[in-house]
Amino acid sequence: MIELKVKEYQNSDKEKWDAFVMKHSINGTFLQTKNFLDYHKDRFQDASIILYKGDNTIVAVIPACTIVEGDRKIFSAHSGSTFGGIVIAENFYNIGHVEAIMDTLENYCKQQQYYEARLKCTSDIFSKQNNNLLYYFLFQRGYASYDELSCYIDFASYQEDIAANFTSSRRRDYKYAVKNKLTFRKLASREEIGCFYQLLCDNLKKFDAKPVHSLEEILEFHEERLKELVEFYGVYNKEQMIAASMVFLFGRQVFHTQYLAADQDCLKLFPMNYLDAELIRTARAHGFRYFSFGTSTQAQGTILNKHLAEFKEGFGTQYGLNKIYIKKF
């Protein structure tokens, strides 16, 4: 029987935590590093833990926060990250150690009197290996699972002619956008990124919503915290920005559109079709394996934004799942 020790995360662990996630895990991304999560650490009650074999060997880390609902304490995937499940060491991804990880996590949650655990696993296209072994043990332990639907492109099976992969209606709209002589370029200045952010805010107003990140946080990502991991692109009609995107770069594996926005008064020019097509072209030119549109669901995957999902699939996408697991103790 494999025994693991639990250590609650402290600030002094940041360097080794981030090195483990980025260099030694099968399913860690920069979204689970403390470098990323710390940008809003004051908003959450951190509950992250490290699982050790012996005194110094990290087997897994779990970025998490404590959520209180009434008189119930929840051990939750970190609310500041898209993925917040169990991040496992590459050389310990086997039956014995994953089983021990589950034993240790559940014992810890019971000892700390958590009512429930909520884990949001890294999607397979963002991982070095698939997460099937982890999924199995979560299933075996009686976790309820919820699936968020995502759309992505695998360039290994994508035709060289970008537009040839589109549905006929998407291809028609893209060609119409080209005829309108729209231009596409990378955004670099604070002023350009500010224009993108205003466009995004205007888009979300119709849903009575706001961006998850503030303009100040996005600028800090671009200039410091995620300097090599975030990029911005815009589409212009003459000198007017009419569509734009913020993109996260996951190595050279996934080119992920974190935010997409278009000027609602210029939709007849099909700026979003043009933006997405040029982003796809850019991702392929830079050698990425996948292009990710992200999810099209809400409420733990139970509500599908069908219009949005069908728009994305028009670019020749495949379908992926972001898996959420929940268990009461």
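The values are calculated or read from the model by the stated rules, or taken from the named source; none is laboratory data. The model shown is predicted, which means the values in this text are computed figures rather than measured ones. We place every Cβ from the backbone using ideal geometry, glycine too, and count neighbours over all the protein chains shown. To get the accessible areas, we keep the full protein, side chains included, count just its heavy atoms, and leave off ligands, DNA and RNA. Shrake-Rupley method; radii C 1.70, N 1.55, O 1.52, S 1.80 Å.
Quick look at the numbers
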| read-out | value |
| --- | --- |
| Ranked by how many other beta carbons lie within 10 Å on average, peptides 322-328, 59-65 from highest | 59-65, 322-328 |
| Selection from 301, 88, 213 lying farthest towards where the dipole of the chain points positive, charges on Cβ | 301 |
| Contact order relative to length of the chain, as percent, for alpha carbon pairs under 8 angstrom and 6 or more apart | 21 percent |
| Candidates 197, 319, 146, ranked by Gaussian network fluctuation over the chain, Cα under 10 Å, top entry | 319 |
| Share of carbon and sulfur in the accessible heavy-atom surface of region 145-190 [1.4 Å probe, %] | 47 percent |
| With 10 Å bins from 0: P(r) over region 49-88, alpha-carbon pairs, percent | 30, 40, 25, 5 |
| About the Cα centre, charge dipole magnitude for region 84-157 (Lys/Arg +1, Asp/Glu -1 at Cβ), debye | 160 debye |
| Cβ charges +1 (Lys, Arg) and -1 (Asp, Glu), total dipole of region 130-183, debye | 360 debye |
| Fraction of antiparallel bridges per DSSP, region 56-212 only, in percent to nearest 5 | 75 percent |
| Dipole in debye (nearest 20) - the chain, about Cα centre, beta carbon charges: Lys, Arg +1; Asp, Glu -1 | 600 debye |
| Residues of the chain: accessible area per residue with a 1.4 Å probe, Å² | 48 Å² |
| Under 27 Å from the Cα of residue 7 - lysines, other chains or at least 8 residues apart | 16, 23, 34, 41, 53, 73, 110, 120, 128, 323, 327, 328 |
| Span-rule helices in the chain, defined as complete DSSP H runs reaching 15 Å or more along the axis (Cα) with Kyte mean at least -0.5 | 95-111, 190-205, 271-285 |
| Nitroxide proxy distance, nm - points 7 Å out along Cα→Cβ at residue 318 and residue 216 | 4.2 nm |
| Span per principal axis, largest first, for the Cα atoms of region 41-172 (Å) | 59, 38, 30 |
| Anchor residue 205: lysines whose Cα lies under 21 Å away (excluding residues fewer than 8 positions away in-chain) | 268, 306 |
| Relative contact order %, region 1-123, counting alpha carbon pairs below 8 Å whose residues are six or more apart | 28 percent |
| Alpha carbon convex hull of the chain, projected area averaged over orientations, nm² | 17.3 nm² |
| Prolate/oblate/rounded call for region 244-329, Cα gyration tensor, a/c under 1.5 rounded | oblate |
| FRET E, pair residue 38, residue 240, Förster distance 30 Å, beta-carbon r, rounded to 0.05 | 0.25 |
| Choice from 247, 212, 178 showing the highest fluctuation, given a GNM over the chain with Cα pairs closer than 10 Å | 212 |
| For q = 0.17 Å⁻¹, Debye-computed log10 I/I(0) when each Cα of region 186-320 counts as one equal scatterer | -1.01 |
| Accessible surface of region 56-108 [probe 1.4 Å, protein heavy atoms]: carbon and sulfur percent | 43 percent |
| Whole-percent carbon and sulfur share, accessible surface of region 282-329, 1.4 Å | 52 percent |
| Extension gain, residue 12 back to residue 157 (0.36 nm per residue minus Cα-Cα distance, nm) | 47.8 nm |
| Helix-only mean residue ellipticity at 222 nm for the chain, each DSSP H run of n ≥ 4 adding -39500 (n - 2.57), per residue, nearest 500 | -8500 deg cm²/dmol |
| Dipole-positive endmost among 166, 114, 20 within the chain (Cβ charges, Cα centre) | 166 |
| Among 69, 106, 228: highest mean-square fluctuation, GNM of the chain, C-alpha pairs under 10 Å | 69 |
| Lys/Arg +1, Asp/Glu -1 at C-beta; region 248-292 dipole; positive extreme among 254, 279, 264 | 254 |
| Shape category assigned to region 98-151 from the gyration tensor of Cα positions, a/c cut at 1.5 | prolate |
